[in-house]
Amino acid sequence: MTRDGRRLVTAVNQFAKVMKEKLLTKAAEGWRGWDCDGYQGLFLQKLHEHELQLQRGDMTQAVDVANFAMMLWALDQEFAASDGGEE
């Protein structure tokens, strides 16, 4: 693996750790049901709201943007798999 590749893997691992910490904190606070059908619209709205704050320079929003993107991705993957339509 190249130096660039190692740095990318390190950055992704560190970022994923922060994502997990934020998600587990929210779960401990009682947030549940993210993986239920019907939340895609809400997640898209929240992703957009946090992304606007990120564009304004609030880098603390990057983790929230990534977490909402992950939830949307996971829901899409789950539905594709349950419909037998893996890509």
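Things worth noting here:
- A simple charge model with +1 on the Cβ of Lys and Arg, -1 on the Cβ of Asp and Glu and nothing else charged puts the dipole of the chain at about 640 debye relative to its Cα centre.
- Restricting the calculation to Cα atoms, the stretch 28-77 shows an Rg/Rh of 1.00 when the hydrodynamic-style radius is the Kirkwood one.
- Residue exposure sequence - Val65, Val9 - by fewest surrounding Cβ within 10 Å: Val9, Val65
- When the Cα positions of Gly57, Gly5, Tyr39 are compared along the charge dipole of the stretch 3-82, Gly5 comes out farthest toward the positive end, with charges on each C-beta of Lys, Arg, Asp and Glu.
- The Stokes-Einstein estimate for the chain, based on a Kirkwood radius over Cα pairs and taken at 20 °C with 1.002 mPa s viscosity, is a diffusion coefficient of 147 µm²/s.
- Across the chain, C-alpha contacts under 8 Å between residues 6 or more apart give a mean separation that, scaled by the residue count, equals a relative contact order of 29 percent.
- Backbone geometry of the stretch 34-42 corresponds, through the Karplus equation with coefficients 6.51, -1.76 and 1.60 at θ = phi - 60°, to 3J(HN,Hα) couplings of 4, 9, 8, 4, x, 8, 4, x, 5 Hz, x marking Gly and Pro.
Laboratory data are not the source of any read-out in this text; all were calculated from the coordinates shown. Remember, it's a predicted structure, so these values are computed and weren't measured experimentally. With ideal geometry, Cβ positions are generated from the backbone for all residues, glycine too; neighbour counts draw on all protein chains shown.
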